[in-house]
Amino acid sequence: MHSVLAVDIGGTNSRFAAFTVNAYGVLEQGETLWLETRRFASFQALMQGVRDANFALSPHDADCVGLAVAGPVQREGRYSNPSNIPWDIDLVHRDAELLRDYVLLNDFTAQAYACLTPALSDALQVLPGRIVPRATRAVVGAGTGLGKAALVPDESDVFHVMPTEGGHAVFPFISRDEFEFMDFVMQRTGRQQVIGDLVVSGPGLSLVHEYLTGERLAPSEVAEGLLPQSRTLAWAARFYGRACRNFVLNTLALGGLYIAGGVAAKTPQLVTCPAFRSAFHWSETHGEMLEEIPVWLNANEHSGLWGAAFAALRYLGVEQGAGWTKA
């Protein structure tokens, strides 16, 4: 029986879960642990924090660690320098002895793999549509930043993930009011490029609210005060819908869109209100096609762990596992 430690390191929280793989290749989730990422000065300190918590499965004892991180994976899958975390992960040199065996992946690669597991069994369908068999599926989600990935089937109908750093692309504003908001964000952040991370995210929700009301609040405080008629809700939902629409068009995701990330999970009205639907469907060239794309909200906060465990399972060569879904 294999043991897998799933790790999901985000800009706010780092999550851990012990998984076992039974004789039938089925993943079973065990104990979980959440730690605040910025409490730790390095990846090594974070791993020590897991040991200090007497967690059920030590990082060095696991058969494989599925290590998802909110940043690009480089150097042949052994290095990542996340933009929203104050330290890097160097499994080439400095951190090489911390893990016995591992697979390092982007956090939205893990969210995409999670779509093939039972983690999405309770996903809420927020827009109806028709799934095209053997088609690409898109995954988009706002948290500390904005993540995007795509699930692409091969000729054997097995899905593979196309990771992206799409949240770092410049956000497409389209009106005078929105350009004024863009100028506001540049002044407030000191950034010369207003990227998706600054708009469709927890910090982005705070910036939208401050621009419209003059109130400087934390994302959680903004979310608590959102009412159906709120301008903040209308603007933030419009931006979220636009980001999702553009990625669906970029990837031709006729297999559907899955929305992940803590922002929508904690504030589902951002993707269930009319402003999201209008922005997602609005296209002068492909509106009819977009109306056929189904959209689900994944509010399972452990889904990234399931995706990381799924990746570890593939790495170990286990060909049958929980949710080993084909196209």
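Table for the structure above
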quantity	calculated
Residues within segment 171-182 that are exposed (fewer than 13 other Cβ atoms within 10 Å of the Cβ) and either of a type in the set (A, V, I, L, M) or assigned to a helix (DSSP H, G or I) (or both), tallied	5
Candidates ARG75, ARG39, ARG51, filtered to the one that is surrounded by fewer than 18 Cβ atoms within 10 Å (Cβ to Cβ) and over 25 Å from GLY147 (Cα atoms)	ARG51
Residue in segment 201-214 that is in contact with a helix residue (DSSP H, G or I) (Cβ under 7 Å, 6 or more places away or on another chain), in the same structural domain as GLY262 (by TED's automatic domain parsing) and charged (D, E, K, R) present	no
So GLY255, is it assigned to a loop (DSSP other than H, G, I, E, B), within 19 Å of the chain's Cα centre (by Cα) and of a type outside the set (Ser, Thr, Tyr)	yes
Index of the failed condition, GLU284 passing every other in (1) within 30 Å of PRO153 (Cα to Cα); (2) outside any loop (DSSP other than H, G, I, E, B); (3) charged (D, E, K, R)	(2)
Selection within segment 16-35 - surrounded by fewer than 21 Cβ atoms within 10 Å (Cβ to Cβ) and either more than 19 Å from TRP87 (Cα to Cα) or modelled with pLDDT under 95 (or both)	THR20, ASN22, ALA23, TYR24, GLY25, VAL26, GLU28, GLN29, GLY30, GLU31, THR32, LEU33
Residue that is farthest from ALA150 (Cα to Cα), among those in segment 211-222 that are more than 19 Å from the chain's Cα centre (by Cα) and surrounded by 18 or more Cβ atoms within 10 Å (Cβ to Cβ)	TYR211
Matching residues, segment 94-153, being aliphatic (A, V, I, L, M), in a helix (DSSP H, G or I) and touching a Leu at 6+ places or on another chain (Cβ under 9 Å)	ALA110, ALA112, ALA114, ALA119
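The values are calculated or read from the model by the stated rules, or taken from the named source; none is laboratory data. Everything numeric in this text was worked out from a predicted model, so none of it was measured. Glycine gets a Cβ as well: all are built from the backbone with ideal geometry, and neighbour counts include every protein chain shown.
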